[in-house]
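J.: Questions regarding the structure given below will be posed in turn.
The values are calculated or read from the model by the stated rules, or taken from the named source; none is laboratory data. Model, not experiment: these values are computed from the prediction. Positions of Cβ are generated from backbone atoms using ideal geometry, with glycine treated the same way; all protein chains shown enter the neighbour counts. Side chains are part of the model used for accessible areas, which takes the heavy atoms of the whole protein and leaves out ligands, DNA and RNA. Shrake-Rupley method; radii C 1.70, N 1.55, O 1.52, S 1.80 Å.
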Amino acid sequence: MERRALIVADAAGPADVLNPVLTRFGFTASEAVPTFPSALARIRNDHFDLVVVPLDRVNEAELSLLERDIPRDGSTSVLGTATRGDTDSILKALRAGLHEFLDRPINADELARALERLDRRWTQATRAGKVITVYSPKGGLGTTTVAINLA
């Protein structure tokens, strides 16, 4: 399945830098929206694996909306960008659900490293587990020992 990316108001810089890196990580061509409210509307109606937000163009009220509207199932990641990384604004964005931060203009190598970290998070979120039950109708047969060794 191909991944989808949503870019808010040229938050990621020129498409010729962004799209080759996204393609390398299995994304289709990125979609762009002009404003943050239009991005929230798209997020509510469609699924995106990556949302790139310009932190220097988003206020605190919009960040709280982002916190509410981004699915918490681990399937959507938010990457924030800014021309100057102010620690207070980055901290507020992290508390609102931001997963990564990059300085603008985005460097292709930094974007690739950020996407590698996000890719690890996406694959960990989808790993399936296995449940094994150990039961004995009578006590004292070593069921607990077997269960501990299986764990």
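J.: Name the single residue, out of those in segment 81-97 being part of a helix (DSSP H, G or I) and open to solvent by less than 80 Å² (accessible area, probe 1.4 Å), that is modelled with the highest pLDDT.
T.: L91
J.: Let me ask something additional. Take A12 and decide whether it is of a type outside the set (S, T, N, Q), open to solvent by 60 Å² or more (accessible area, probe 1.4 Å), on the phi < 0 side of the Ramachandran plot and not in a helix (DSSP H, G or I). I'd like the intermediate steps shown before the answer.
T.: On the way: of a type outside the set (S, T, N, Q): yes; open to solvent by 60 Å² or more (accessible area, probe 1.4 Å): no; on the phi < 0 side of the Ramachandran plot: yes; not in a helix (DSSP H, G or I): yes.
Here the answer is no, as A12 does not meet what is asked.
J.: Then there is this: Does A108 satisfy the criteria of being of a type in the set (A, V, I, L, M, F, W, C), farther than 19 Å from R44 by Cα and modelled with pLDDT of 85 or more? Working first, answer last.
T.: Numbers: of a type in the set (A, V, I, L, M, F, W, C): yes; farther than 19 Å from R44 by Cα: yes; modelled with pLDDT of 85 or more: yes.
So A108 passes the test.
J.: Picking from V53, V78, which residue would you name as being open to solvent by less than 20 Å² (accessible area, probe 1.4 Å), touching a residue at least 40 places away in the same chain (Cβ under 8 Å), assigned to a strand (DSSP E or B) and closer than 15 Å to R4 by Cα? Even if it seems obvious, please write down each step before you answer.
T.: Numbers: V78 fails: touching a residue at least 40 places away in the same chain (Cβ under 8 Å).
Just a single option satisfies the conditions, and that option is V53.
J.: Hey, another quick one. Criterion first (open to solvent by 60 Å² or more (accessible area, probe 1.4 Å), outside any helix (DSSP H, G or I) and at pLDDT below 80) does R72 satisfy it? Walk me through it before giving the result.
T.: Values: open to solvent by 60 Å² or more (accessible area, probe 1.4 Å): yes; outside any helix (DSSP H, G or I): yes; at pLDDT below 80: yes.
When the stated conditions are applied, R72 passes them.
J.: Working only within segment 21-37, note down all residues that are open to solvent by 30 Å² or more (accessible area, probe 1.4 Å), at pLDDT below 90 and part of a helix (DSSP H, G or I).
T.: P37, the sole residue that qualifies.
J.: For segment 1-27, enumerate the residues that are within 16 Å of the chain's Cα centre (by Cα) and under 23 Å from A41 (Cβ atoms).
T.: E2, R3, R4, A5, L6, I7, V8, A11, A12, L22, F27
J.: Restricting to segment 98-124, count the residues that are open to solvent by 30 Å² or more (accessible area, probe 1.4 Å) and assigned to a helix (DSSP H, G or I).
T.: Residues meeting the conditions: 11.
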